[in-house]
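The values are calculated or read from the model by the stated rules, or taken from the named source; none is laboratory data. Keep in mind that this is a model prediction, so the values were computed, not measured. For neighbour counting, all protein chains shown are included, and Cβ atoms are generated from backbone atoms with ideal geometry for every residue, glycine included. Side chains included, ligands, DNA and RNA excluded: accessible areas come from the protein's heavy atoms. Shrake-Rupley method; radii C 1.70, N 1.55, O 1.52, S 1.80 Å.
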Amino acid sequence: MKDGSRDPQKPMFYGRRRNHKLRSGRQVLINDLLPKIRIAEIEDTSQIDLSASFGRTAKDVRLEIGFGAGEHLSGDALANPDIDFIGCEPFINGVAALLADVERLELTNIRLFDDDARLLLERLPAACISKIYVLFPDPWPKLRHNRRRFINQETLSSLSRVAKNDAEFIFASDHMGYVSWALVEMQRHADWKWTAKGSSDWRQQPKDWVPTRYETKALGKGDAPAYLTFRRQNRETD
Ligand SMILES: C[S@@+](CC[C@H](N)C(=O)[O-])C[C@H]1O[C@@H](n2cnc3c(N)ncnc32)[C@H](O)[C@@H]1O
């Protein structure tokens, strides 16, 4: 809201929106490049027109929620120029890091939403996304904070609405408490089915994987992350 108070209509966001002051080059990217590739104005509430935003209709659109500094997003976009990518991240220092990659790699297939993913999900058309990533989300390990976790029945319904039938949803984490939580929440939700047949399906990085910053940190400490792949079930109402 313009006066700095919280809009009671908006969901509560518990993460950080910035830390250190941006270097001047990064601030220029926020001022000049971000408005050009922002998928929608944050204050607007209308449905997003993906073809208009990207200037084309790609065969697939992928969504990464909480991309951090954007290593996975820019790597995936570079490797797949025919696919369009939506990245969502409210942490401005991370957005600036991703913008630096967009400029350096001359990526034209990324659009950004620099706020809470729950606001973006409300505004995307139904059945438009073929792959969703939630990678190393904040684990909120204290019991009293568990309900802040991004994965819950409400967000799973929002993700299901925007997902195409058979869309893939990849959740990765090195926090085994959150991995168990995500499995329970997913199994409670009728629209998502875990695809794993054996431990090699969730212990190993998916094919053509670009590691994220948090993943690299976890691997450096000797932790073994889990990579859970779910598939959106076809529903009679679709
Ligand atoms: C632990 S970091 C992981 C970043 C990155 N995925 C990685 O693996 O390096 C979690 C990120 O999720 C973002 N995040 C938290 N809640 C979010 C929300 N509701 N919508 C979008 N992003 C969110 C945070 O700002 C943070 O950058």
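Quick notes on this one:
- Cross-chain or 6+ apart pairs with Cβ under 9 Å, the range 166-179 first and open to solvent by less than 10 Å² (accessible area, probe 1.4 Å) and assigned to a strand (DSSP E or B), then basic (Lys, Arg) and away from the ligand (no atom under 11 Å from the Cβ): Ala167/Lys131; Ala167/Arg231; Ala167/Arg232; Phe169/Lys131; Phe169/Arg231; Phe169/Arg232; Ile170/Lys131
- Every residue from the range 98-125 that is within 12 Å of the ligand (Cβ to nearest atom) and open to solvent by less than 20 Å² (accessible area, probe 1.4 Å): Leu98, Leu112, Phe113, Asp115, Asp116, Ala117, Leu120, Leu121
- Among the residues of this structure, Pro137 counts as one that is within 11 Å of the ligand (Cβ to nearest atom), open to solvent by less than 30 Å² (accessible area, probe 1.4 Å), in a loop (DSSP other than H, G, I, E, B) and on the phi < 0 side of the Ramachandran plot.
- Check on Pro206, modelled with pLDDT of 95 or more and either within 16 Å of the ligand (Cβ to nearest atom) or open to solvent by less than 40 Å² (accessible area, probe 1.4 Å) (or both): no
- One residue stands out in the range 48-94 among those that are part of a loop (DSSP other than H, G, I, E, B) and basic (Lys, Arg): the one that is modelled with the highest pLDDT, namely Arg56.
- A Cβ distance below 6 Å, combined with a sequence gap of six or more or placement on separate chains, defines the contacts here; from the range 211-228, residues that are over 15 Å from Gly94 (Cβ atoms) reach residues that are in a strand (DSSP E or B) in the pairs Pro225/Ala172; Tyr227/Ala172; Leu228/Phe171.
- Extreme residue, farthest from Cys88 (Cα to Cα), among residues of the range 117-153 that are β-branched (Val, Ile, Thr) and touching a residue at least 40 places away in the same chain (Cβ under 8 Å): Ile129
- Answer from Phe91, Phe67 - the residue that is of a type in the set (Phe, Trp, Tyr), open to solvent by 20 Å² or more (accessible area, probe 1.4 Å) and within 11 Å of the ligand (Cβ to nearest atom): Phe91
- Failed criterion for Glu43 (all others in (1) away from the ligand (no atom under 11 Å from the Cβ); (2) in contact (Cβ under 8 Å) with a residue 40 or more places away in the chain; (3) in a loop (DSSP other than H, G, I, E, B) hold): (2)
- Qualifying positions in the range 4-45 - polar (S, T, N, Q), open to solvent by less than 100 Å² (accessible area, probe 1.4 Å) and modelled with pLDDT of 85 or more: Asn19, Ser24, Gln27, Asn31
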